[in-house]
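The values are calculated or read from the model by the stated rules, or taken from the named source; none is laboratory data. All values reported here derive from a predicted model rather than from experimental measurement. Heads up, the Cβs are rebuilt from the backbone with ideal geometry, glycines too, and the neighbour counts pull from every protein chain shown. These area figures cover heavy atoms from the full protein model, side chains too; ligands, DNA and RNA do not enter into them. Shrake-Rupley method; radii C 1.70, N 1.55, O 1.52, S 1.80 Å.
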Amino acid sequence: MTILYNKLRVRVSLDAIRENYRILNSISGNAFAVVKADAYGHGLIRVAEALAEEGADTFAVGTVDEAVFLRKSGCRGRIIALLGPVDDNDYKALVPNRIIPFVGNWEQLARLREAVAGAEKPLEISLKFDTGMARLGFRHSDVPRLLSVLGEEPLLRPVMASSHLATADEPGNWSFVQEQSRIFQAVLDALREGGVPVEGNIANTAGILAHGALHHQGQRAGIGLYGCNPLAGTEHEALGAKLRPAMQVSAPIVEIHPVRAGQSVSYGCTWRARRDSVVAIVAAGYADAYSRGLSNKGGMCLHGERVPVVGRVCMQLTAVDVTALAESGKSAQVGDEAFLLGGEGPGRISPEDLASWWGTITYEVFCLLGLNRREYV
Ligand SMILES: *Cc1c(COP(=O)(O)O)cnc(C)c1O
């Protein structure tokens, strides 16, 4: 779904994504490209095609539908559906589209056996284990029963075992990573001893950057592909410092006017000018996924300078204070581009800046702003 009727421009640099992939792949040996949620808002097909050219051969999406869409686009690599099959259509689509589902409970396993009955070739699957997220997955203690069920079912071929880390990007919580890693290793050992040699994968971007001991046959790289350093702001920041953000978002200024000292701007009169000021109105608002929570917080980048958001963010308009900009001799004009994310110069808005004003993480910022029309540069 794309937000069509607005003036936002989302620019995605595929070169940045390729370069980030090369970095993560060289650190981790074998990085799977996590392209779920429309490649974190960067565009599933364009990103997957660019990464396939860089040699990526394993892609991870969320739903089976997303996986089918990627397969039908011509993707020849392995495609993993992290969410696993949920409804009848999902189960039916796996075999004809050669999708590798995450399988994490007995119900899914039973329904998969029905779905593969009569298939010409076995369906490759990834066994998902819960080692601490307490979200999805089998437990370590399920391995003996899993081995016996899988032993009776030649049409299901487990090629991977997977688990997900809860705290890889929180250095204060790395003992939990060690604990998850220990359980995962025990799972892999038990599967191998049971005659099911699988490729392990547990590391996400933070795991790739900071936890070499967690590197198995594959690692799942998501946010790092899109240029965010999950260790930013921690003492281990340097580990991901080379990653470069790929998304910039801008919108035009549609009106500029003076406001007198004491005058308010926008709904609720939540901001009043402390001195005679100049305000620019930008054609972007919460209908464009620029959150209303950004009211009176943070800013945009205009002609390389930071201009603060003033008053409430409206549905399709947001005001910024350009008084200081005018004083520095760089006058703002109607039609100028204000960067909600990115831009050049000292006022550049990093994904981490925007996420912190928004009270969220860079992942959500990308997924939401990426709902707008994209162009590739
Ligand atoms: C999204 C996701 C990833 C990628 O994590 P990043 O922190 O973005 O690198 C890896 N594994 C699973 C299961 C995921 O859902």
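Quick notes on this one:
- Test: residue in segment 66-73 that is out of contact with any helix residue (DSSP H, G or I) (no Cβ under 8 Å at 6 or more places or on another chain), surrounded by fewer than 23 Cβ atoms within 10 Å (Cβ to Cβ) and not in a helix (DSSP H, G or I): no
- Single residue of segment 223-246 satisfying the filter (under 22 Å from residue 179 (Cβ atoms) and surrounded by fewer than 24 Cβ atoms within 10 Å (Cβ to Cβ)) that is farthest from the chain's Cα centre (by Cα): 235
- In segment 82-100 there is no residue matching the filter, namely being within 14 Å of the ligand (Cβ to nearest atom), in contact with a helix residue (DSSP H, G or I) (Cβ under 9 Å, 6 or more places away or on another chain), open to solvent by less than 10 Å² (accessible area, probe 1.4 Å) and free of Cβ contacts under 8 Å to residues at least 40 places away in the same chain.
- Pairs are defined by a Cβ separation below 6 Å, a sequence spacing of at least 6 or placement on different chains, a first member in segment 339-356 that is touching a residue at least 40 places away in the same chain (Cβ under 8 Å), and a second member that is basic (Lys, Arg) and in a strand (DSSP E or B); the pairs so defined are 347/306.
- For segment 221-273, the set of residues classified as within 13 Å of the ligand (Cβ to nearest atom) and either within 18 Å of residue 310 (Cβ to Cβ) or assigned to a strand (DSSP E or B) (or both) consists of 221 only.
- Consider segment 133-151 and keep the residues that are among the charged types (D, E, K, R) and within 11 Å of residue 163 (Cα to Cα). The one that is most open to solvent (accessible area, probe 1.4 Å) is 135.
- Of all residues in segment 152-163 being touching a strand residue (DSSP E or B) at 6+ places or on another chain (Cβ under 8 Å) and open to solvent by 30 Å² or more (accessible area, probe 1.4 Å), the one that is farthest from residue 221 (Cα to Cα): 155
- Scope segment 297-341; condition under 21 Å from residue 261 (Cα atoms), at pLDDT 95 or above and assigned to a loop (DSSP other than H, G, I, E, B); matching residues: 297, 311, 312, 313, 322
- Within segment 195-220, being open to solvent by less than 10 Å² (accessible area, probe 1.4 Å), part of a strand (DSSP E or B) and near the ligand (Cβ under 9 Å from one of its atoms) holds for 201, 219.
Condition check ((1) over 28 Å from residue 216 (Cβ atoms); (2) in contact with a Ser or Thr (Cβ under 8 Å, 6 or more places away or on another chain); (3) assigned to a helix (DSSP H, G or I)) across all residues:
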position	(1), (2), (3)
7	yes, no, no
16	no, no, yes
45	yes, yes, yes
55	no, no, no
75	no, no, no
80	no, yes, no
85	no, no, no
89	yes, no, yes
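- Only a single criterion out of (1) on the phi > 0 side of the Ramachandran plot; (2) open to solvent by 40 Å² or more (accessible area, probe 1.4 Å) is not satisfied by residue 334, namely (1).
- The number of residues in segment 167-186 that are open to solvent by 40 Å² or more (accessible area, probe 1.4 Å) and not in a helix (DSSP H, G or I) comes to 2.
- Some residue of segment 113-135 being within 16 Å of the ligand (Cβ to nearest atom) and assigned to a helix (DSSP H, G or I): no
- When we screen 287, 280, 324 for residues that are outside the structural domain of residue 208 (by TED's automatic domain parsing), in contact (Cβ under 8 Å) with a residue 24 or more places away in the chain, open to solvent by 10 Å² or more (accessible area, probe 1.4 Å) and of a type in the set (A, V, I, L, M), the only hit is 287.
- Residue match in segment 280-296 (condition: closer than 22 Å to residue 5 by Cα, in contact with an Asp or Glu (Cβ under 8 Å, 6 or more places away or on another chain) and not in a loop (DSSP other than H, G, I, E, B)): yes
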